[in-house]
Structures are given as structure tokens and as C-alpha cells.
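To keep things clear, I will list the structure first and then write my remarks on it.
The values are calculated or read from the model by the stated rules, or taken from the named source; none is laboratory data. Since the structure is predicted, the reported quantities are computational estimates derived from the model, not experimental observations. So basically every Cβ, Gly included, is an ideal-geometry build from the backbone, and we count neighbours across all protein chains shown.
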Amino acid sequence: MRNIFYIISAAFLFSCTEKSSTEGGSWRHFRADASMSGYTENALPENPQLLWSYKSYTRTVASPVVDSGVVFWGDKKGNVRGVNAAGDSCFIYRYGAAMDSNPLIENGVIYTGRNDGKMCALSIEKCDTLWTFASGGQISGAPSLINGKLVFGSYDNFVYSVESASGMGLAQFESGYYINGSVACWKNFALYGGCDAWLRMVDIDSNIAVDSAELKAYIPASAAIRGSTAYVCDYSGNLYEFSLSESKMLLEKIIHEAAEDDGQATAMPAVSDKMVCYISGDGYLRTFNRASGKEVWSALLVGATGESSPLICRNKIIVCSKSGQISIFDLATGKQTWQYDTGEQIVGSPAVVNEKIFVLTAKGTLLCFGNQLN
């Protein structure tokens with residue numbers, strides 16, 4: 001078992017992050033960026049091999065983020081952890097309150113929501129909290145940044161806009177019920193869905209609610225935006241396409257309608273220039289042509305699928321399942337090119353940096369896959 005050591009001085013932490021930054025690579029936002037598109041130009045390794053694993057022995061449902069080669073996440077015991085490029089622990093900060101939220105890193109600050117309703121800003125260099133903002137309910141989704149404003153939803157039925165530098169509350173926008181997912185950003189607008197089945201669009205600069213649309217079932221996760229088009233999936237497994245303007249969201253079509261006997265759908269879509277893919281309620285990874293709305297291919301995933309969302313990396317798709325499988329498919333043909341069984345449940349989504357794949361299991365095991373060095 002690897003030694004877990006604790007950062008007790010800013011100087012020691014600074015040397016840790018400086019050393020790893022020479023190896024480069026960052027994935028500072030859940031789903032790569034605030035649009036939540038689930039698309040990246042980062043390449044997957046050609047022949048993925050397990051390079052190392054780190055066991056925290058603490059349960060988590062968060063997705064990992066990467067800053068200057070260090071992988072960070074929060075866990076069920078209230079720890080924010082960091083593991084360097086060699087697979088060794090190099091950062092830990094104890095909040096003492098459980099965290100389900102995926103963190104966001106910007107300018108050396110980790111922003112993360114807690115289950116006790118607080119949003120926190122944590123300095124990596126100082127290893128100390130800069131500010132704390134209190135909402136009225138659990139914060140489960142990742143925060144997003146729009147023009148210096150941190151935007152996030154809460155179980156108190158509100159989305160909040162907070163000044164990222166100070167933590168000062170700026171505005172709040174109402175929902176009819178819990179907000180479980182993250183806020184997706186387009187220009188100066190934020191899109192969010194909640195357990196009341198409404199998708200809402202607000203202008204973060206003017207603090208004005210712009211438009212809303214009721215879906216057929218509640219929205220467990222987040223919209224995925226590419227260009228001026230948003231895709232969102234409801235709990236029943238219906239996949240919707242909306243075109244965005246500065247005055248409205250226009251429903252273009254329901255790309256896929258769920259069958260009555262389908263199970264629950266809780267993952268987000270992933271969108272490239274030509275394709276949109278998502279995990280339907282019946283356990284299939286489905287890929288559609290965006291222009292025609294027609295299904296191109298589908299693949300039945302092994303075991304329970306869960307909340308982990310697919311990620312498009314250039315011409316490939318990587319997807320993790322609750323049953324512990326990590327799979328890679330060719331985007332054009334749907335041919336499975338690689339699979340790995342972790343033996344542990346996966347709830348979070350993967351991060352892909354410098355031809356390395358980082359996957360965090362629900363037991364708190366961080367796995368790093370890459371091209372095997374000779």
C-alpha cells in the first residue's frame with residue numbers, strides 16, 4: 001500500500017505541484033469544460049495499459065479533475081485528495097463534510113460543493129479554505145464558471161451565482177425541486193434541469209430567467225452543449241435536442257423516445273460535431289447523426305450502467321459502467337476496441353489527459369491507463 005502523507009505547509013505543497021507540472025496536462029472541469037459537451041480533442045492511448053492505481057479506501061461518487069499533472073477529487077468522508085503523476089498521494093485537505101460534487105479548478109483554486117450545502121474555495125498552494133458560501137441544501141453537481149461567476153445548483157431548489165474571487169452571493173434562480181446535475185454554460189447563459197422535469201435557461205450577466213421547457217420526466221443530470229445546440233436526457237431515457245438563442249430554447253426534436261419498459265437513464269449525452277451519443281434506459285450506448293437525428297449504431301453495455309457519462313475523444317468513445325467495466329468504441333462504426341474490468345463500481349466520469357485515462361471507482365481507487373513504456 002502506498003504511503004499517505006499530509007501536506008502541512010504551503011512550501012511543501014508548492015514543491016509537489018511544481019514537480020508534477022513539468023509533466024503537464026490538465027482537466028480542470030468536469031466533462032472538460034463548462035459546456036458539458038463531453039467532447040475533447042485529447043487523444044486516448046492507442047493500447048491502454050494499467051500504469052498504476054492508488055487506493056484511498058474511502059468511498060466517492062465524484063469524477064476526477066487534473067491540474068498540472070495532479071489528480072484531485074473529493075470523497076464521502078470530506079477529504080479533498082491529490083495524487084501526482086507517479087501515483088503517490090501529495091495533497092489532502094479535510095473538510096469533515098461529505099462531498100458528492102465534482103470539483104472545478106481555476107487559477108490554483110479548487111471549488112467544490114458539499115453535502116451540507118456549502119460551496120467552498122480551497123487554495124492548492126496554501127492548502128487552506130479561501131471562502132465558504134452556504135446554500136440551503138446538498139450540492140451534488142459540479143460548479144461552472146461564467147465571466148468570473150461560480151454557478152451551481154442545490155437541493156434547496158435554487159441555482160446560485162457567486163463571485164468566484166470572494167464567495168459573495170450575486171443572484172439565485174428558482175427551480176421547482178432538487179437540482180442534482182451541473183449547470184451547462186453557453187455564452188453568458190446557464191442551462192439547468194431539476195427533479196421537477198423543467199429545463200431552464202438564465203442570463204448570468206443580467207440575472208434574468210430567459211426561457212424554460214417541461215420535459216416528459218425529471219432531469220437527473222446536465223445538458224450537453226455544442227455550438228448553439230443543447231442535448232438533454234430525462235430519467236425515462238428520452239433524448240431531446242434544443243437550439244439556443246439569446247431569447248429562447250427551441251425544442252427541435254426528440255431524437256430518441258424511451259420505451260415504456262426501459263429502465264432509468266441517469267447519464268449525460270456526449271456531443272461531437274456530427275454525432276450525439278448517450279446511454280439509454282435499456283442499457284444501450286446509442287449514437288445518432290446530429291443532422292438527420294437517425295441512429296447510426298448501438299451497443300449493449302455489460303451490466304448496470306449508472307451515472308457515469310460517455311466521453312468522445314476525437315474518433316473514439318470511452319464509457320464506464322456501474323458494473324465496473326471501462327470500454328472504448330470506434331465513434332464511426334461502434335466497434336468495441338478495448339475493455340477493462342475494474343472489479344469495482346464506477347459512478348464518476350473519466351478524465352483524459354496526455355494520452356492517459358484517469359478513472360475513479362466508487363471505493364476510492366484511482367486508476368491510470370496509458371501506453372506502456374518499454
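For the range 73-89, the tally of residues that are part of a strand (DSSP E or B) and at positive phi stands at 0.
Number of residues in the range 322-337 that are in contact with a Phe, Trp or Tyr (Cβ under 8 Å, 6 or more places away or on another chain) and either crowded, with 17+ Cβ neighbours inside 10 Å or of a type in the set (Phe, Trp, Tyr) (or both) equals 4. Taking the numbered list (1) of a type outside the set (Lys, Arg); (2) assigned to a loop (DSSP other than H, G, I, E, B); (3) within 17 Å of Phe30 (Cα to Cα) in turn, Phe152 passes all entries but (2).
Here the condition is being among the hydrophobic types (A, V, I, L, M, F, W, C), in contact with a helix residue (DSSP H, G or I) (Cβ under 7 Å, 6 or more places away or on another chain) and within 24 Å of Asp128 (Cβ to Cβ); of Val66, Val70, it holds for Val70 alone. Name every residue in the range 51-72 that is assigned to a strand (DSSP E or B) and either surrounded by 21 or more Cβ atoms within 10 Å (Cβ to Cβ) or free of Cβ contacts under 8 Å to residues at least 40 places away in the same chain (or both), in order of residue number. Within the range 51-72, Tyr54, Val65, Val66, Asp67, Val70, Val71, Phe72 meet the criteria. Filtering the range 291-321 to residues that are basic (Lys, Arg) and either part of a strand (DSSP E or B) or surrounded by 18 or more Cβ atoms within 10 Å (Cβ to Cβ) (or both) leaves only Lys316.
So that you can scan it fast, the table gives a plain yes or no per residue for (1) farther than 30 Å from Lys274 by Cβ; (2) modelled with pLDDT of 95 or more; (3) in a helix (DSSP H, G or I); (4) not hydrophobic (A, V, I, L, M, F, W, C):
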site	(1), (2), (3), (4)
Asn3	yes, no, no, yes
Ile7	yes, no, no, no
Ala11	yes, no, yes, no
Phe14	yes, no, yes, no
Glu18	yes, no, yes, yes
Glu23	yes, no, no, yes
Ala32	no, no, no, no
Ser37	no, yes, no, yes
Gln49	yes, yes, no, yes
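Taking the criterion of being of a type in the set (D, E, K, R) and either under 21 Å from Tyr39 (Cβ atoms) or touching a Cys at 6+ places or on another chain (Cβ under 8 Å) (or both), the residues of the range 222-247 that qualify are Arg226, Glu241.
Only residues that are out of contact with any Phe, Trp or Tyr (no Cβ under 8 Å at 6 or more places or on another chain) and either surrounded by fewer than 22 Cβ atoms within 10 Å (Cβ to Cβ) or over 15 Å from Ala351 (Cβ atoms) (or both) were counted in the range 73-89, giving 4.
Does Ala165 count as hydrophobic (A, V, I, L, M, F, W, C), under 25 Å from Leu130 (Cα atoms) and not in a strand (DSSP E or B)? Against the criterion (hydrophobic (A, V, I, L, M, F, W, C), under 25 Å from Leu130 (Cα atoms) and not in a strand (DSSP E or B)), Ala165 qualifies.
Looking across the range 90-108, the residues that are in a loop (DSSP other than H, G, I, E, B), modelled with pLDDT of 95 or more and either surrounded by fewer than 24 Cβ atoms within 10 Å (Cβ to Cβ) or touching a Lys or Arg at 6+ places or on another chain (Cβ under 6 Å) (or both) come down to Tyr95, Ala97, Ala98, Met99, Asp100, Asn107, Gly108. Taking the criterion of being in a loop (DSSP other than H, G, I, E, B) and surrounded by 19 or more Cβ atoms within 10 Å (Cβ to Cβ), the residues of the range 338-361 that qualify are Thr342, Gln345, Ile346, Val347, Gly348, Ser349, Pro350, Thr361.
With respect to being surrounded by fewer than 20 Cβ atoms within 10 Å (Cβ to Cβ), at pLDDT 95 or above and farther than 23 Å from Gly141 by Cβ, Ser228 falls outside the description. Please determine, by comparing only the residues of the range 246-266 that are in contact with a strand residue (DSSP E or B) (Cβ under 8 Å, 6 or more places away or on another chain) and in a loop (DSSP other than H, G, I, E, B), which one is surrounded by the most Cβ atoms within 10 Å (Cβ to Cβ). By that ranking, first place goes to Ala265. Scanning the range 134-142 finds no residues that are assigned to a strand (DSSP E or B), within 19 Å of the chain's Cα centre (by Cα) and not basic (Lys, Arg). Within the range 192-245, restricting attention to residues that are part of a strand (DSSP E or B) and of a type in the set (Gly, Ala, Ser), the residue that is farthest from Ser349 (Cα to Cα) is Ala209.
Considering every residue within the range 239-253, establish whether at least one is among the aliphatic types (A, V, I, L, M), over 15 Å from Ile317 (Cβ atoms) and under 18 Å from the mean Cα position of the chain (by Cα).
No, that holds for no residue.
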